[in-house]
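For reference, the structure discussed in these notes is given below.
The values are calculated or read from the model by the stated rules, or taken from the named source; none is laboratory data. These numbers come from a predicted model, not from an experiment. Note that we place each Cβ from the backbone using ideal geometry, even for glycine, and neighbour counts take in every protein chain shown. Heads up: the accessible areas ignore ligands, DNA and RNA and are worked out on the full protein's heavy atoms, side chains in. Shrake-Rupley method; radii C 1.70, N 1.55, O 1.52, S 1.80 Å.
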Amino acid sequence: MTDLAILLDAVSLTLRSRRALGRSTGHTVLKDISLSLPRGKTLGIVGRNGAGKSTLLRIIAGIIKPDRGRVDCFGLRASLLGLGAGRLPHLSGRDNALMTGMLQGLRRRDMEGRLEQVQEFSELGEYFDQPVSTYSTGMNARLGFATALQVDPDIMLIDEILGVGDAEFRLKSRKALRERIVSDKTVVLVSHEQAAIKDLCDWILWIDQGRVRAIGLMNEVMSEYLEAMKPAS
Amino acid sequence: MYRYLELIHYRALAELKMEASRLYLGLLWWVVEPVLYMAAFYLVFGILFQRGGEGFVGFLLCGLVPWKWFSSSVMNASNSLAANAALIQQVYVPKWIFPTIVVVTGLYKFLVILALLMCFLLIYGYSPGVSWLVMPLVVLVSFFLVLGCASLVAFIVPFLPDLKMILANALVLLMFLSGIFYNIGQLDAAYQSWFDLNPLAHLFQLYRTVLLDAQWPVWNDLFGLGVIGLALMGLSFSLFQRYDRVLPSVVG
């Protein structure tokens, strides 16, 4: 069992949405999701918008607790890498990167030592010390990805951050990610970019309306998924 | 735990920096804004209503300065989880840190204003006593009370958003009932026992006893308030712990 990185056992989540005067309605987001991912492997999660992919990542990251079922990351630090949610717009890129590192569980001193690499990878140059409110979308994305790389958790949960920046940066970020994957990092990836999924993943989990539709090796599940996603003729 | 304290301190400083950078007068607003606030109360109650007479300014300020910390913290804390919703859904952070950041930001401002208040009292002719040495303890007890109330409100609001609608009014009522611009001792004895139930009225009285009268505080009051504050903190922190991984779905 020790070679597992992530174990989900019959995980279900129902959210209640509140209505006026106390009535509430239940809405099943995830139902009976089970999977086990060995250390050093890369899992891609595919499915339509609203299938529950991002929610599943949040459950693995320990942000939300499922109503039923068990989640175990065997003491590994799993964090969700997204594009700069929760930045303080009046602070510089440097201060924001530092804060992200501290939020992700690094000590201030450790993260301070990695800021130079964030600046270098993000190619922000002197903009790194400007408030992030002045950044373009692409610059924001570069800062987000560069920070995420330096935070370097045991398990990387990546939600749609591969399609960011210009073509050149996209290539560079995918290359950096592949280096992590090759060096035995456990990665879970949500992306609508089929090329990225095919390129990086060993396993695929296909979820549909909160349930597992298929799980298995990349080639098998991916061809089945693409078949199903073809527009009906 | 230590790294969360580091984070709270860093976020509080960032918050202050951010406020200052948004305005032309920057840091000066820290001082100007509370002075304007207090001047408004002095104008109405000190000059127009002719209340209090001798020593009224000191009396008023000793209530208003800690009150401002309390009320702005509770008000801002009520919004603190919603304001950080994007972050809460992206990273696991214990949710109690968000109201705590609000209260600590308020604390830093409060300390500056308190220092100014003490300077003002000296210039105004009050003489400092040995009792002023107990001020750190008074501030600590205030911190417990402010944090206890602010984090409890911060916890309840996501589950019961309607509370936000009455919060501002409840705070106004509480301000009038805490003996800030009148002396509770001068009220009808029948009402006085009700005021004894208000911890804030006791708290402001502590500031007056220590700063204006240069006397030692009533120790029972000081420790009693500390216990109430710690109990409120304990209650809200255990609620936060219990719902820590449920709150992200509630605030989103």
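Among the residues of segment B:83-112, those with an accessible-area drop of 50 Å² or more from chain alone to full protein complex, heavy atoms and 1.4 Å probe, are B:LEU87, B:GLN89, B:GLN90, B:VAL91.
Normalised per residue, the accessible area of segment B:204-252 is 50 Å², obtained with a 1.4 Å probe and no contribution from ligands, DNA or RNA. Full extension of the chain between A:LYS172 and A:GLU224 yields a length gain of 15.7 nm, computed as 0.36 nm times the residue separation minus the alpha carbon distance.
Using a Förster distance of 35 angstrom, determine the FRET efficiency expected from the C-beta separation of B:TYR2 and A:ASP208, and round it to 0.05.
Efficiency, rounded to the nearest 0.05: 0.20.
In this structure the amide hydrogen of A:ARG68, modeled in the peptide plane, comes within under 5 Å of the amide hydrogens of A:SER12, none closer than 5 places in sequence on its chain.
Summary of the geometry: segment A:23-72 and segment B:7-80, compared by the centres of their Cα atoms, lie 46 Å apart.
For segment B:42-175, the Kirkwood hydrodynamic radius comes to 16.8 Å, computed from all pairs of different C-alpha atoms. Using the Karplus relation 6.51 cos²θ - 1.76 cosθ + 1.60 with θ = phi - 60°, the per-residue 3J(HN,Hα) values for segment B:199-205 come to x, 5, 4, 5, 4, 5, 5 Hz, with x marking Gly and Pro. If R0 is taken as 41 Å, the Cβ-Cβ distance between B:PHE159 and B:LEU133 corresponds to a FRET efficiency of 0.45. Summarised in one figure, the compactness ratio Rg/Rh of chain A, Cα atoms and Kirkwood Rh, is 0.99. Pairs of Cα atoms in chain B fall into 5 Å distance bins, from 0 up to the last occupied one, in shares of 1, 6, 12, 16, 19, 16, 14, 8, 5, 2, 1, 0 percent.
Just so you know, the Rg over Rh for the protein assembly as shown is 1.06, from Cα atoms, with Rh as the Kirkwood radius.
Helical content alone sets the calculated 222 nm signal of chain A at -10500 deg cm²/dmol, taking -39,500 (n - 2.57) per DSSP H segment of four or more residues and averaging over every residue.
Rg then Dmax, both in Å and based on the Cα atoms of segment B:132-171: 13.9, 43.
Over segment A:76-228, what percent of the accessible surface lies on carbon and sulfur atoms, probe 1.4 Å? Exposed carbon and sulfur together represent 46 percent of the surface. At a temperature of 37 °C and a viscosity of 0.692 mPa s, determine how fast segment A:155-233 diffuses translationally according to Stokes-Einstein, using the Kirkwood radius over alpha-carbon pairs as Rh; express D in µm²/s, rounded to the nearest whole number. Approximately 240 µm²/s, per Stokes-Einstein. Does segment B:188-252 come out rounded, prolate or oblate by the C-alpha gyration tensor, with a ≥ b ≥ c the root eigenvalues, rounded set by a/c under 1.5 and, if not, prolate when a/b is larger than b/c and oblate if not? It is prolate, given that a/c is not under 1.5 and a/b is the larger ratio.
Tell me, what % of the accessible area of segment B:174-252 is carbon and sulfur with a 1.4 angstrom probe?
On the way: 2600 of 4160 Å².
Ligands and nucleic acids excluded, carbon and sulfur reach 63 percent.
Annotation: amide H of A:LEU205 within the under-5 Å range of A:GLY44, A:ILE45, A:VAL46, sequence separation 5 or more or interchain, hydrogens built in the peptide plane.
Taking chain A as the reference, fit the longest principal axis to its C-alpha atoms, fit the long axis of helix A:218-229 to the helix C-alpha atoms, and give the angle between the two in degrees, 0 to 90, nearest 10. Computed tilt is about 70 degrees. Using a probe of 1.4 angstrom and keeping all protein chains present, the accessible surface of chain A works out to 48 square angstrom per residue.
Rolling a 1.4 Å probe across all protein chains gives A:SER133 an accessible area of roughly 70 Å².
For segment A:167-227, the list of GluC sites (Glu not before Pro) that fall in a loop by DSSP and count at most 16 other C-beta atoms within 10 angstrom reads A:GLU193. The mean sequence distance of close C-alpha pairs (under 8 Å, at least 6 residues apart), as a share of the length of chain A, puts its relative contact order at 26 percent. Seen against the Cα atoms of chain B and their longest principal axis, helix B:97-124 is set at about 20 degrees. Compactness of segment A:106-205 was expressed as the Cα radius of gyration divided by 2.2 N^0.38 Å, which yields 1.10. Exposure check, 1.4 Å probe, all protein chains in place: B:LEU140 carries approximately 80 Å² of accessible surface.
What order do you get for A:147-159, B:18-30 when each peptide is scored by the mean count of other beta carbon atoms within 10 Å, highest first? Write out the running numbers ahead of the final one.
On the way: A:147-159: 21.7, B:18-30: 12.8.
Packing proxy ranking, top to bottom: A:147-159, B:18-30.
Accessible surface of B:CYS119, taken over heavy atoms with a 1.4 Å probe and every protein chain present, rounds to 70 Å².
Which FRET efficiency value, to the nearest 0.05, do you get for A:ARG109 and A:LEU76 by plugging their Cβ-Cβ distance into 1/(1 + (r/R0)^6) with R0 = 25 Å?
On the way: r = 23 Å, r/R0 = 0.91.
E between A:ARG109 and A:LEU76, to the nearest 0.05, is 0.65.
With +1 on the Cβ of every Lys and Arg and -1 on the Cβ of every Asp and Glu, and nothing else charged, how large is the dipole of segment A:5-125 about its Cα centre, in debye rounded to the nearest 20? Show your work: numbers first, answer last.
On the way: 20 positive and 10 negative charges, 134 e Å.
Rounded to the nearest 20 debye, it is 640 debye.
The label-point distance for A:ASP9 and B:LEU173, in a model that sets each label 7 Å from Cα toward Cβ, rounds to 5.1 nm.
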